[in-house]
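Asks: Shown below is the structure under consideration.
What follows is calculated from the coordinates using simple rules that are stated; it is not laboratory data. Keep in mind that what you see is a predicted model, and the values were worked out from it rather than measured. Ideal geometry is used to build each Cβ from the backbone, glycine not excepted, and the neighbour counts take in all protein chains shown.
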Amino acid sequence: MATDATKYRIDSVSHAAEILCAFLRPPHRFGLTELTDATGLTKNQAFRMLRTLEPAGFVVQDGATKTYRLGSRIVDLAAFAVHGTGLVHAAAPVLDAVAAETGETVNLITRLDDRSAICVDTRDSRQRLRITASVGARFALHAGASPKLLLAFSPRPTIAAYLRDCAPFPAFTAKTITDPAPLLAELDRIGARGYAVSNEEIDKGICSIAAPVRDGAGAVIAGVSVAAPTIRSGPDDRQRNTDAVLAAARRISAQLAGTDPDGGSPPHP
């Protein structure tokens, strides 16, 4: 008789999990035969699992050695698990409110590593002409409102390493900052101003404004942004969106810190 542990188990999913967990062992890169030895699966089972996982980005095969390693989609899931779960839960009602208030796309973006950021939640615009975003999308730190914001509020050694190791930065549009000196000046402006603006730095015709979300210790862990087409980004629109993201960032930060948005402790029941 099946136990609770096996009653609802799907063998193919279990096999896929075994394949993925095998890569936790050194050297973290295996051929088909090595994976069958590590998992106990037959070569046919392991091959079918790999061929299923590969298009989804969970594993990658090296064309020269024919060995497999974990793919970037695993990194996305890991980043969300580590950085996003509590953050997304705290931010969800705030993102809903900002999207309703502005009518534009709202994104929540956090650091993936020292060189990139990742979108962990989003709300699509209700406009016919809209900016679309997707959870898991990655961004370099030198372009875009939230990525620049996250870099600007990083420790100075982290900023210095990025400027040294990643320059010249890739240009996505004619307005992307590609050199270290102007990027550092922009980061200083963001730090002094308290929010970041992107004017067609990643895609033509798109502007965004982002404000910093802080954890309970005061460290900036994410950016909440409003993205809109340039045709809906006049001075009044930008001021409204700036006010909205600054208020949203304060509310999310307060949720994470367990305080009210005005900085006080929540009242005891």
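Asks: For segment 35-51, just list the computed ³J(HN,Hα) in residue order, Karplus coefficients 6.51, -1.76 and 1.60, θ = phi - 60°, integers in Hz, with x standing in for Gly and Pro.
Replies: Result, ordered by residue: 5, 5, 5, 6, 9, x, 6, 6, 4, 5, 5, 5, 4, 5, 4, 4, 5 Hz.
Asks: Here's another thing I want to ask about it. Can you put 11, 237 in order of Cβ neighbours within 10 angstrom, beginning with the fewest?
Replies: Least crowded to most crowded, the residues run 11, 237.
Asks: For a quick check: with amide H placed at 1.01 Å from N, whose amide H comes under 5 Å from residue 121's, ignoring anything fewer than 5 positions away on the same chain?
Replies: Here the answer is 108, since their amide H atoms fall under 5 Å of that of residue 121.
Asks: Using the Cα centre of the chain as origin and beta-carbon charges of +1 (Lys, Arg) and -1 (Asp, Glu), tell me which of 19, 227, 248 is placed farthest towards the positive end of the dipole.
Replies: Comparing the listed Cα positions along the dipole, 19 ranks first.
Asks: Taking a cut-off of 19 Å between Cα atoms, list the lysines near residue 204, but don't count ones fewer than 8 places away on the same chain.
Replies: Those lysines meeting the cut-off are 148, 175.
Asks: Something else now. From the residues 141, 120, 109, which one has its Cα farthest along the dipole of segment 78-157 in the positive direction, the dipole being from +1 and -1 charges on Cβ of Lys/Arg and Asp/Glu about the Cα centre?
Replies: Towards the positive end, the residue furthest out is 141.
Asks: Ranked highest first by average number of other Cβ atoms within 10 Å, how do 95-103, 164-172, 142-150 line up?
Replies: So the peptides 95-103, 164-172, 142-150, ranked by packing, come out 142-150, 95-103, 164-172.
Asks: Then there is this: Run the reach check for residue 43 against lysines, Cα to Cα strictly under 23 Å, same-chain hits fewer than 8 apart removed. What comes back?
Replies: Output for residue 43: 66.
Asks: With Rg and the Kirkwood Rh both taken from Cα atoms, where does Rg over Rh land for the chain?
Replies: 1.06
Asks: Another question, if that's okay. Express in nm, to one decimal, how much length is gained between residue 164 and residue 11 on full extension, taking 0.36 nm for each residue of separation and deducting their alpha carbon distance.
Replies: My answer for the length gained is 50.2 nm.
Asks: What list of ³J(HN,Hα) couplings, whole Hz, do you get for segment 107-116 from phi and the Karplus terms 6.51, -1.76, 1.60, once you set θ to phi - 60° and write x for glycine and proline?
Replies: Values, residue by residue: 10, 10, 10, 10, 6, 8, 7, 6, 10, 8 Hz.
Asks: Could you list 59, 226, 13, 75 in order of exposure, starting from the residue whose Cβ has the fewest other Cβ atoms within 10 Å?
Replies: 13, 75, 59, 226
Asks: Just the number: Rg to Rh for segment 4-70, Cα atoms, Kirkwood Rh, two decimals.
Replies: We get a ratio of 0.98 for segment 4-70.
Asks: Nearest 20 debye, what's the magnitude of the dipole of segment 75-257 about its Cα centre given +1 on Lys and Arg Cβ and -1 on Asp and Glu Cβ?
Replies: Dipole magnitude for segment 75-257 comes out near 160 debye.
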